[in-house]
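Shown next, in structure tokens, is the structure this report addresses.
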Amino acid sequence: MQPTLGLIYLTFRELWAKKVVLGLFLISSLLLVMVAFALNLDVVDGSLAGLRLFGQAPGTMEGLSLEKLVFGVEAAVAGAAYWLGILLALFATAPLIVSMLERGHIDLLLSKPMSRSTLFLSHVAGVWAAVAVLTVYLLGGVWAIMSIKTGVWNGSFLISIGLVVVMFGVMYSTVALMGVWTESTALALIVSYGLIFASLVLAGHEAIVAELGLVGSTAFNVLYHILPNFAEVTTMVANLSRAEPVSSWYPLTSSVLFGLVAYALATWQFVRRDF
Amino acid sequence: MPDAVSVDGLEKTYRSGLFRPTTVHALQGVDLALEPGRVFGLLGPNGAGKTTLVKVLLGIVQASAGTATLFGTPVTDHQARQRVGYLPEKHTFPELLTARQMLDVYGQMGRVPAEHRATRIPDLLDKVGLSAQAERKIGTFSKGMLQRVGLAQALMNSPDLLFLDEPTDGVDPVGRRAIRDLLVWLRDEGTTIFINSHLLSEVEKVCGEVAIMNEGQLVKQGAISELTAVEREYRLVCTALPDDLPEAVHQRITPLDNETAPEGLRSWRVASDTRTDLNALIDTLRAHDVEIEAIDPVRRSLEDYFIDVVSPPAA
């Protein structure tokens, strides 16, 4: 356990030294301060009686219930954390794999009494843990502030924190695999951003498959099932933030399977290669 | 007790290129055994395979054939590195950490318990002369300081076997002396030290035995004193030789003009085919009232020996 904890600590420190992570932390803090102090709500008998943002009242509050407002704010923050947060987190963490493989650094790590798979997976765990801390800080903070201010406790919103962290983990598996394979941060980011872009197209697979021939539709279906469904999981995050039921967990399941396979391949490549 | 390092028929072939594959035979059947407690120097020209051999022993590179063990445990098992410390030639330490934090993290990775780390870190920083820099960030360290903190890192787990790749490279003479003193202290403590270096004068000062690698093979191995001894030639320090010595004696003794000798004495080079012959010569000198101060085998420098071994013979 000791080597794993040492590596997780080292990864935390390396990430903290990156300006992007510091930026994410500052933006999150700013948002929390905004939600805490700039959003003033007048709640009377459990209903929204008044709303002011930076001291200004909105033009109309017709049809806006307290629950709708809370769910709306939480969904907006979760959506931003999911898309913007994951894209920035991938950008911040991608160089870590390649820098770990640098000559002089990897030699030293491999000379320690731990297996290669432990070394690699501990590094990955360190990255996950750092991103999880940031996500819990932002989304957990927003949830706590909104709940205390309004008395509306949206428990299902907390599940979306898990979804953001898991989907970051899924997309980081591509970065890890490409990083170990090619030692190129740029290529690792291009492939993982490419998969996110492809997931936007794959999200419309039902309509697209209907327009394609047998070969095309089969190929499209295969891609839909084997690649991560990053865009479709957005709907799940939004549903959970609004305390609505999730119609299908399949996009998450297939994405997690993709991540597991990518991590297994990355670990296999890390274990077998020379440095 | 098993050998600290044991290598048998070790081979490593690097393959690269997809369309025009090229192969490099970095190690070609290397055999080596190193007893615990020895200070061993691995020498060789660039590309001889020294770094590959060290990397195989540390599990950084995987052998193509043959076996290697550290204290009897195969190097493919990470437990073999439990008692090992390593300072690579081109190391990259996390620049954002202080010296104390860096030693703590690497100690943790080396499975050193927290309570041991707490006492070991100040002790090691003191030994490498960096006590005052404990809270300074690694990124601000000079090359020599990096080398010394790197050595402290390699010693965090109190290793029984220490691998050092060019340990005094880039270190000023004072720092080099400090490292050398530390290595001598470790040797006296019973640590097995495996040094990979180009600085032959440094190796000569610390190591008891060396091996020379060339083109992926170990071409020579043995104690430095044995390897550098010139066969059946001796250095004699004595009083002036009388003129009435037999001509045969004069022919076998030549003055060493570039060597200084104590006042009233001179240095001579003596050639002798056998021990009996040498003793007869000494008897003749003594019979002519020559007083002998010292007689010892002539030695070459390790550098001269190394160049003889690795240089191709003249056509």
**Item:** Cross-link pairs A:Lys112/B:Lys90; B:Lys12/B:Lys205; B:Lys90/B:Lys220; B:Lys143/B:Lys220; B:Lys127/B:Lys220 - those with Cα-Cα distance over 24 Å
**Value:** B:Lys12/B:Lys205; B:Lys90/B:Lys220; B:Lys143/B:Lys220; B:Lys127/B:Lys220
**Request:** Could you check the simple spin-label distance between A:Ala80 and A:Phe197, using points 7 Å along Cα→Cβ, in nm with one decimal?
**Result:** 2.6
**Item:** Listed peptides B:256-263, B:287-294 by packing density, highest first (mean Cβ within 10 Å)
**Value:** B:287-294, B:256-263
**Item:** 10 Å Cβ neighbours from other chains, averaged over peptide A:114-121
**Value:** 2
**Message:** Using only the Cα atoms of the stretch B:217-271, what semi-axes does the equivalent ellipsoid have when each is the square root of 5 times a gyration tensor eigenvalue? Give whole Å, largest first.
**Reply:** 30, 15, 7
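Tell me what chain A gives for mean residue ellipticity at 222 nm when only DSSP H runs of n ≥ 4 count, each as -39,500 (n - 2.57), the sum divided by the residue total, rounded to 500 deg cm²/dmol.
It lands at -23000 deg cm²/dmol.
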**Complete:** Given B:52-65, A:90-103, B:264-277, the highest-first ranking by average Cβ count within 10 Å works out to B:52-65, A:90-103, B:264-277
**Along principal axes, Cα extents of chain A, largest first, whole Å** = 67, 52, 28
**Asked** Expressed as an acute angle from 0 to 90° and rounded to the nearest 10, what is the orientation of the C-alpha long axis of helix B:275-287 relative to the principal long axis of chain B?
**Response** 50
**Prompt:** Where in the stretch A:179-207 is the amide nitrogen less than 12 Å from a point lying 7 Å along the Cα-to-Cβ axis of A:Ser217?
**Reply:** A:206-207
**Message:** What do you get for the angle between helix B:173-189 and the principal long axis of chain B? Use alpha-carbon atoms, 0 to 90 degrees, nearest ten.
**Reply:** 90
**Message:** Can you give me the distance in nm between label points at B:Thr76 and B:Asp273, each placed 7 Å from the Cα along the Cα-to-Cβ direction?
**Reply:** 5.5
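If packing is taken as the average number of other Cβ atoms within 10 Å across a peptide's residues, how do B:162-172, B:10-20 rank, most packed first?
With the highest mean Cβ count within 10 Å placed first, the list reads B:162-172, B:10-20.
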**Request:** Would you work out the relative contact order for the stretch B:103-174, in percent, from Cα pairs under 8 angstrom that are 6 or more residues apart?
**Result:** 38
**Fill in**
In vacuo Debye sum over C-alpha of the stretch B:1-144, base-10 log of normalised intensity I(q)/I(0) at q = 0.08, 0.09, 0.12 Å⁻¹, listed in q order, is -0.31, -0.39, -0.67
**Asked** So which aspartates and glutamates can A:Lys149 reach, going by Cα to Cα under 16 Å and dropping same-chain residues fewer than 8 places off?
**Response** A:Asp42, A:Asp45, A:Glu67, A:Glu74
**Prompt:** Among all the lysines, which ones have a C-alpha under 24 Å from A:Lys19's C-alpha, if same-chain residues fewer than 8 places away are not counted?
**Reply:** B:Lys137
**Prompt:** Rule-of-thumb check for the stretch A:122-275: C-alpha Rg over 2.2 N^0.38 Å?
**Reply:** 1.19
**Asked** At q = 0.15, 0.17, 0.27 Å⁻¹, what base-10 log of I(q)/I(0) does the Debye formula yield for the stretch B:21-98 when every alpha carbon is treated as an equal point scatterer in vacuo?
**Response** -0.65, -0.81, -1.57
**Complete:** DSSP beta bridges in the stretch B:153-257: the antiparallel percent, rounded to 5, is 55
**Fill in**
FRET efficiency (B:Ser311, B:Arg232; Cβ distance; R0 22 Å; to 0.05) is 0.40
**Complete:** Heavy-atom accessible area of B:Thr239, protein chains in place, probe 1.4 angstrom, given in Å² to nearest 10, is 40
**Prompt:** To the nearest 10 degrees, how steeply does helix A:86-100 sit against the main Cα axis of chain A, on a 0 to 90 scale?
**Reply:** 20
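Starting from the coordinates of the alpha-carbon atoms of chain B, obtain the Kirkwood hydrodynamic radius over all distinct pairs and give the value in Å to one decimal.
Details: mean 1/r = 0.0445 Å⁻¹.
22.5 Å is the Kirkwood radius here.
Can you pull the mean other chain C-beta count within 10 Å for peptide A:99-106?
Numbers: counts 2, 0, 0, 2, 6, 7, 6, 3.
Mean partner shielding for this stretch: 3.
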**Asked** Relative contact order for chain B using alpha-carbon pairs under 8 Å, separation at least 6, rounded to a whole percent?
**Response** 19
**Request:** Just grab the label-to-label distance for B:His116 and A:Trp153, each label 7 Å out from Cα along the Cβ direction, in nm (one decimal).
**Result:** 4.8
**Request:** Can you tell me how much longer the chain between B:Val24 and B:Ala65 gets when fully stretched, taken as 0.36 nm per residue apart minus their C-alpha distance, in nm with one decimal?
**Result:** 13.3 nm
**Prompt:** Within 10 Å of each Cβ of B:83-94, how many other protein chain Cβ atoms are there on average?
**Reply:** 4
**Asked** Roughly what % antiparallel, to the nearest 5, for the DSSP beta bridges in chain B?
**Response** 70
**Rh by Kirkwood over Cα pairs, then Stokes-Einstein D for the protein assembly as shown at 0.890 mPa s and 25 °C, µm²/s** = 84
**Prompt:** How much length is gained on full extension from A:Phe12 to A:Ser115, taking 0.36 nm per residue of separation minus their Cα-Cα distance?
**Reply:** 35.0 nm
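The values are calculated or read from the model by the stated rules, or taken from the named source; none is laboratory data. As the structure is a computational prediction, the values presented were derived from the model and not from experiment. Don't worry about glycine lacking a Cβ; one is built from the backbone with ideal geometry, like all the others, and counts go over all protein chains shown. The accessibility values were calculated without ligands, DNA or RNA, using every heavy atom of the protein model including side chains. Shrake-Rupley method; radii C 1.70, N 1.55, O 1.52, S 1.80 Å.
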